[in-house]
1. Would you check if LEU37 is in contact with a Leu (Cβ under 6 Å, 6 or more places away or on another chain), open to solvent by less than 80 Å² (accessible area, probe 1.4 Å), among the aliphatic types (A, V, I, L, M) and modelled with pLDDT under 90?
2. Filter segment 107-129 down to residues that are hydrophobic (A, V, I, L, M, F, W, C) and in a loop (DSSP other than H, G, I, E, B) and give me whichever is farthest from the chain's Cα centre (by Cα).
3. Looking at PHE131, PHE152, PHE100, PHE110, can you tell me which residue is aromatic (Phe, Trp, Tyr), surrounded by 14 or more Cβ atoms within 10 Å (Cβ to Cβ) and at pLDDT below 85?
Amino acid sequence: IDGFLRLLAHRYKNKLDVKAEEFIGYTLDGVERMRYLIKDLLEYSKVGMKGLNIMPVDCAFVVEKAVSNLQAAIDGTGAIVTHDRLPTVMADVSQMSRLFQNLIGNAIKFHDENPLRIHVSAQRGDGAWFFSVLYNGIGIDPEQAERIFVIFQRLHTREEYPGTGIGLAICKRIVERHCGTIWVESEPGKGSSFCFTIPDREEMKYEE
């Protein structure tokens, strides 16, 4: 669809009226959104399809890799990403990479006019590591705190903030497959802290 539309737009450039060119533009925009939707749906489905490859995962390394992957977006917003000393946990390294990348990317997307600061921390609790991705963004109404982890649920229009509404649903699925929980602590205008747990026991029976 994308290829034929672009061919049509190129071949008949200046031969169609303004309305027709506008329609082509709308359709190309829809195709682009569909491309991202399909990509995210595939990512969401993959989280539950494969068995977990559990191994020691250096979370500091995973966070630094996520930051490297997001460097263009970080440079574009002037964000500063920092982290405390992070533990090594028993987990699936590819899914942990996706988890941190989605959470840091989410923080970058929902920043406000203030200089963006993102900080990742972890502390040991009762049988689990408690992680936090804290940032000073636009914040979330506490009444919407559970809704944001549901697939396709968005709190803002695409014009305000781009996206498919799948990123946080992927995060929830990853954490739950590792027998953990995920939640957000936030207030509008006061930033957000996305928190999740990863069990601190090698003998934990992970979901297959």
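1. No, not satisfied.
2. LEU116
3. PHE110
Here is a yes/no grid of residues against (1) on the phi > 0 side of the Ramachandran plot; (2) open to solvent by less than 40 Å² (accessible area, probe 1.4 Å):
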| position | (1), (2) |
| --- | --- |
| ASN14 | yes, no |
| VAL18 | no, no |
| GLY30 | no, yes |
| MET55 | no, no |
| PHE61 | no, no |
| ALA73 | no, no |
| THR88 | no, no |
| ALA91 | no, yes |
| ALA122 | no, yes |
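The values are calculated or read from the model by the stated rules, or taken from the named source; none is laboratory data. These numbers come from a predicted model, not from an experiment. Neighbour counts are summed over all protein chains in view; Cβ atoms, including those assigned to glycine, are modelled from backbone coordinates with ideal geometry. Accessible surface is based on the protein model in full, side chains and every heavy atom, while ligands, DNA and RNA are left aside. Shrake-Rupley method; radii C 1.70, N 1.55, O 1.52, S 1.80 Å.
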